[in-house]
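The values are calculated or read from the model by the stated rules, or taken from the named source; none is laboratory data. All of these numbers come straight from a predicted model, not from anything done at the bench. Using ideal geometry, Cβ is built from the backbone for each residue, glycine included, and neighbour counts are taken over all protein chains shown. To get the accessible areas, we keep the full protein, side chains included, count just its heavy atoms, and leave off ligands, DNA and RNA. Shrake-Rupley method; radii C 1.70, N 1.55, O 1.52, S 1.80 Å.
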Amino acid sequence: MSYLRPTKHTNLKYSVINISANILKLLKENVVIEYAELLNVLKQKIGEEVNEVFLLSLSFLYMHKKIEYIKNLDAIRLVDENI
């Protein structure tokens, strides 16, 4: 399944782009969020199927230098506030 290129059967609610956008919105409000807390908030907001694309979305944002992982806190931090 392609998560970036939608087909007519793709649920856009669970696309990498949508999940990434929601992650950025949450990080703009909080700047630093623990990994587990971020996942739980997204599950509540969007649905349990977020698990399937959560890591892909984080990787997508990391590759575009929007976020970074803070190992000692097990948290995600917003790097580039200009979205």
Report, to the nearest whole %, how much of the accessible area of the stretch 7-83 belongs to carbon and sulfur atoms, 1.4 Å probe, protein only. 53 percent
If you add up the charges near ASN82, with Lys and Arg at +1 and Asp and Glu at -1, over every other residue whose beta carbon is less than 13 angstrom from its beta carbon, what do you get? +1
Rounded accessible area per residue of the chain, 1.4 Å, Å²: 68 Å²
Kyte-Doolittle mean at least -1.0 and Cα extent at least 18 Å along the axis: which DSSP H helices of the chain qualify? 16-30, 51-63
